[in-house]
Amino acid sequence: MRPRAGEVLHFSEDPTITRFVPHVAATAVEREAYVWAVGHDRAPDYWFPRQCPRAMAWVVDGTSDVDRERIVGAGCGVRVHAVEYAWLDAMRTAKVFAYRLPAAPFRPIAPLHGEPHAMVATEPVEPLGEPEPVGDLFAHHAEAGIQLRVLDNLWPFWDEVVASTLGFSGIRLRNARPRPATT
């Protein structure tokens with residue numbers, strides 16, 4: 001499930017949205033009200049139930065061979081996503097919908113010194129049509145060649161990823177299990 005030319009996507013478990021109005025998300029770092037969406041490259045970040053914590057890493061220019069083999073795996077593609085075992089049932093049963101939105105009102109937004117991670121609009125936006133069921137979240141990962149790892153705890157993987165030369169994103173990490181105690 002990816003946007004077509006001239007579109008961005010908004011993923012939701014709510015299939016009844018008829019108009020997206022800018023708002024400040026409760027967890028937002030940004031204080032400006034936005035409508036949030038994603039383009040082609042970041043759509044896979046949302047092939048998950050909304051509240052599911054996930055850690056994602058991918059090869060970028062400058063990724064070392066050592067980090068690629070150590071974290072992504074030799075011969076395993078260029079991207080890996082990780083979730084916790086506790087979220088497997090939700091991954092199987094969640095009904096996620098994609099809203100196709102016109103790309104024109106959106107602009108890229110990036111964290112300080114980072115690459116754009118989303119698209120934002122500051123005006124209300126109406127979907128181009130009815131929301132589309134995303135369907136089998138596991139199948140989307142498989143079809144895109146994205147590894148999906150299931151871990152007992154995300155934090156050891158996340159710590160390795162953020163210290164690496166890979167590109168990365170963590171979403172809803174506050175919903176992950178607590179960090180394991182160090183010995």
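No lab work stands behind these numbers, since they all come straight from the coordinates. In this text, all values refer to a predicted model and were calculated from it rather than measured experimentally. We place every Cβ from the backbone using ideal geometry, glycine too, and count neighbours over all the protein chains shown.
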Q) Within the group Ala104, Ala121, Ala110, Ala86, which residue is closer than 19 Å to Gly170 by Cα and over 16 Å from the mean Cα position of the chain (by Cα)? A) Ala86
Q: State which residue is surrounded by the most Cβ atoms within 10 Å (Cβ to Cβ) when the search covers only the stretch 33-69 and only residues that are over 23 Å from Pro3 (Cβ atoms) and among the acidic types (Asp, Glu).
A: Asp67
Q: Take Leu154 and decide whether it is of a type in the set (A, V, I, L, M) and closer than 17 Å to Ala94 by Cα.
A: no
(Q) Based on this model, can you work out whether Glu160 counts as in contact with a helix residue (DSSP H, G or I) (Cβ under 9 Å, 6 or more places away or on another chain), in contact (Cβ under 8 Å) with a residue 24 or more places away in the chain, farther than 18 Å from Asp41 by Cα and of a type in the set (D, E, K, R)? (A) yes
Q: Among the residues of the stretch 129-152, write down those that are on the phi < 0 side of the Ramachandran plot, assigned to a loop (DSSP other than H, G, I, E, B) and surrounded by 13 or more Cβ atoms within 10 Å (Cβ to Cβ).
A: Pro131, Val134, Asp136, Ile146
Q. Considering only residues of the stretch 5-34 that are out of contact with any Lys or Arg (no Cβ under 8 Å at 6 or more places or on another chain) and polar (S, T, N, Q), which is nearest to Phe97 (Cα to Cα)?
A. Thr16
(Q) Among the residues that make up the stretch 73-80, is at least one of them surrounded by 21 or more Cβ atoms within 10 Å (Cβ to Cβ) and out of contact with any Pro (no Cβ under 8 Å at 6 or more places or on another chain)? (A) yes
